[in-house]
Structure formats: structure tokens, C-alpha cells
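The values are calculated or read from the model by the stated rules, or taken from the named source; none is laboratory data. Every value quoted in this text rests on a predicted model; they were computed, and no experiment measured them. When we count neighbours, we look across all protein chains shown, and the Cβ atoms used for this are built from the backbone with ideal geometry, even at glycine. Protein only, heavy atoms only, side chains kept; ligands, DNA and RNA dropped before computing areas. Shrake-Rupley method; radii C 1.70, N 1.55, O 1.52, S 1.80 Å.
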Amino acid sequence: MNPQLEGIEAISGTYAFDLRVSHRTLKLNRFFWHMIRADNRETFLGDPVAAMNAAGLTADEQAMVQAQDWLGLVRHGVNFFVLEKFARVVRKTNLEVYALMRGETLDEFMATRRVPTLR
């Protein structure tokens, strides 16, 4: 185990993204990274299953993508910075994604912020 991660299991809600996780989820993270290109976005929006199959995603990964299971994807090992690219493809803001990760509506999430009217 990476000595820098020693004791991480005691920190609730922490999902380490290290080399081991990066290697295991490389295809999925590349899939999301490639959403920076218009042709990849169009391909996904036109036929999500074909796009995910072409990227080599597993059935479990495809199910998380289709369900837009944001927290499940992070727990699985998706880097949040590439997940943001996918959020834009499916027309979600970061705030909406944060709310969904917490199991809340956007309004419920915003009510927990210091300035709940800023969106």
C-alpha cells in the first residue's frame, strides 16, 4: 500500500485516485477525457452504447454512465476533472452534480451554501 494513503479508510467519503486506480480505470477516464472533442460528444449522444463499447467500457461502467451515477463513478475511480467534461455533455452543471452526489436536489444543496442564491 502507498504509505501516503495509510489511514485513509478512517476518513469517510474519501476515494483515493492513485496509480493503481488510474491504471484500473484508464479506459473509462479516457472515455470521459475524449468528450473534449465535438465528434466524440456527437457519437455518444447519437448512440451511447456503441460509443461505450468502442471505448472498451465494462458492463458495470456502462451502467454507471447511463445512470449518471456520479458518486458511483468517483467511487469506482473516475477522476472528477474528466467527469466534469461528461457532465457538460449531458447538460449538468457542477452544482447539479454535487447535489446529486449528496442525494439532494439542486435547491436542497444550494440551501446548505453560504450564499444559496448564487448559481
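Points worth noting:
- Residues satisfying the stated conditions in the stretch 56-68, i.e. open to solvent by less than 30 Å² (accessible area, probe 1.4 Å) and either of a type in the set (G, A, S) or part of a loop (DSSP other than H, G, I, E, B) (or both): L57
- Any hit, the stretch 40-52, residues being basic (K, R) and surrounded by fewer than 15 Cβ atoms within 10 Å (Cβ to Cβ): no
Results for (1) surrounded by 13 or more Cβ atoms within 10 Å (Cβ to Cβ); (2) part of a helix (DSSP H, G or I), shown as yes or no for each residue.
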site: V78; (1), (2): yes, no
site: L83; (1), (2): yes, yes
site: K92; (1), (2): yes, no
site: E96; (1), (2): yes, yes
site: L100; (1), (2): yes, yes
site: D107; (1), (2): no, yes
site: R113; (1), (2): no, no
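- Residue check, L73 open to solvent by less than 20 Å² (accessible area, probe 1.4 Å) and either under 20 Å from A51 (Cα atoms) or in a loop (DSSP other than H, G, I, E, B) (or both): yes
Residue by residue, here is whether (1) within 19 Å of V82 (Cα to Cα); (2) at pLDDT 95 or above; (3) of a type in the set (S, T, N, Q) holds:
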position	(1), (2), (3)
F17	yes, no, no
R20	yes, no, no
L45	yes, yes, no
N53	yes, yes, yes
G56	yes, yes, no
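- Breaking point among (1) part of a helix (DSSP H, G or I); (2) open to solvent by 60 Å² or more (accessible area, probe 1.4 Å); (3) touching a helix residue (DSSP H, G or I) at 6+ places or on another chain (Cβ under 8 Å), for Y15: (1)
- Residues of the stretch 22-35 satisfying the condition of being surrounded by 12 or more Cβ atoms within 10 Å (Cβ to Cβ) and outside any loop (DSSP other than H, G, I, E, B): S22, R24, L26, K27, L28, N29, R30, F31, F32, W33, H34, M35
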